[in-house]
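A.B. asks: Take this structure, written in structure tokens, and hold onto it; I'll ask about it next.
FYI, it's all coordinate maths here, none of it is from the lab. What you are looking at is a predicted structure, and each value in this text was computed from that prediction instead of being measured. Cβ placement follows ideal geometry from the backbone for every residue including glycine, while neighbour counts extend to all protein chains displayed.
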Amino acid sequence: MTHESIWLSLTGTPYAVRQVQVGEWATRVLEAGAGSDVVVLLAGTGGHLEAYARNIGPLVQAGYRVVAYDYPGHGYTTLTATDLELPDYVAHLAGLLNALGIASAHLNGESLGGWIAVKFAAAYPDRVRKLVLNTPGGTMMRSDVMARIRALSQAAADDPSPEAVRARLEWLMADPASVTDELVAVRRAIYGRPGFSTSMRHLLCLQDPEIRQRNLITDEELAAVPNTALVVWTSDDPSGPAAAGMDMANKVRGGRFLLIDGAGHWPQWEQSDRFNAAVIGFLAE
């Protein structure tokens, strides 16, 4: 099993990738930097730590210790044979921080990652510094979007052909040209793992209306975020309107909102320079 890929964007940034046991989950973790301030990077549904490849180096250069990881059922972490809901992801993150000896950290989550970050902050406020939520999930119930995510994701997992994987990734982007051949190759290798198709079916349970409803972020959870949040939305996000992000920011004490043009669901990838500058500035305040 290959744990590392050659990312040009990480050239010059020393990093290590290893498996960390968290309960039943052998968890793939990337660590870089040696600062006392920790930033944990959390990808989206069906995603993997490479989604943040363009952000790790700048965060390290700004003095942060960076941790990126694959959730249960995702990437090169142990695959799942049962549905995973938000309490499962939150418990796993708590266990991972314990295993890494991290008392508290900034959380930077994209899509499902933002959903997890808010839930974690509400459950463990003493373990969270600032949140960065880029195109976060967890507040909307749009049947068209849920159906599209389920169809594209499962198709790519069932048949990880270049065409199916590229179609899933292009849905995330404002510009299809943002999907590099390397990104497609990395995701094809992950989705081609034995058992991944079954694991994906369990990950997509959050696109089921009844399951999603009981996992949604509440206003009380947003109000419980302890140390403010930067909510990043984009001009071309396929998951919903910018108003959804503005509403989230307004419900967090001291919350901020940023709109990035020329990006879809992965602003950290498509507009990495602007994203990195905004995040580093926000965390340094």
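A.B. asks: Treating only the Cβ atoms of Lys and Arg (+1) and Asp and Glu (-1) as charged, compute the dipole magnitude of segment 125-201 about its Cα centre; round to the nearest 20 debye.
C.D. replies: On the way: 12 positive and 9 negative charges, 85 e Å.
Dipole about the Cα centre, nearest 20: 400 debye.
A.B. asks: Let me ask another. Return the FRET efficiency for the residue pair D247, A167: r is the Cβ-Cβ distance, R0 is 30 Å, and the value is rounded to the nearest 0.05. Write down the numbers at each step before the final one.
C.D. replies: On the way: r = 30 Å, r/R0 = 1.01.
Computed FRET efficiency for D247 and A167 comes out at 0.50.
A.B. asks: Something else about it: If amide hydrogens are placed 1.01 Å from N in the peptide plane, which non-local residues have theirs closer than 5 Å to the one on G264?
C.D. replies: Amide H neighbours of G264: A174, D175.
A.B. asks: Note the full-extension length gain between D236 and A223 as 0.36 nm times their separation in residues minus their Cα-Cα distance, in nm to one decimal.
C.D. replies: Details: separation 13, 0.36 × 13 = 4.68 nm, distance 2.73 nm.
Net length gain for the segment: 1.9 nm.
A.B. asks: A further question on this structure: Counting helices only, and only those DSSP H runs with n ≥ 4, report the 222 nm mean residue ellipticity of the chain as the sum of -39,500 (n - 2.57) divided by its residues, in deg cm²/dmol to the nearest 500. Numbers along the way, then the final one.
C.D. replies: Details: 12 runs with 122 residues, N = 285.
Dividing the helical sum by the residues of the chain leaves -12500 deg cm²/dmol.
A.B. asks: So how strong a dipole does the chain carry about its Cα centre when Lys and Arg Cβ are +1 and Asp and Glu Cβ are -1, to the nearest 20 debye?
C.D. replies: Values: 23 positive and 31 negative charges, 82 e Å.
Approximately 400 debye in magnitude.
A.B. asks: Using the alpha-carbon centroid of each, what span in Å lies between segment 244-262 and segment 70-115?
C.D. replies: 23
A.B. asks: Just one of (i) 55, 40, 38; (ii) 45, 41, 38; (iii) 66, 46, 35 is Cα extents along the principal axes in Å as worked out from the coordinates here. Which one is it?
C.D. replies: (ii)
A.B. asks: Give a residue-ordered list of calculated ³J(HN,Hα) values for segment 79-94 (Karplus: 6.51 cos²θ - 1.76 cosθ + 1.60, θ = phi - 60°; whole Hz; x for Gly, Pro).
C.D. replies: So the J values, rounded to whole Hz, are 6, 10, 10, 9, 4, 10, 10, 4, x, 5, 5, 5, 5, 5, 4, 4.
A.B. asks: Any idea how far apart A99 and D159 come out in nm if each label point goes 7 Å out from Cα toward Cβ?
C.D. replies: The answer from the label model is 3.5 nm.
A.B. asks: Just to be sure I understand: with springs between alpha-carbon atoms less than 10 Å apart, which residue in A121, A103, A68 has the highest mean-square fluctuation in the Gaussian network model of the chain?
C.D. replies: The residue with the greatest mean-square fluctuation here is A103.
A.B. asks: Looking at segment 8-284, send over the antiparallel percent of its DSSP beta bridges, to the nearest 5.
C.D. replies: Values: 12 of 34 bridges.
Percent antiparallel among DSSP bridges in segment 8-284 is about 35.
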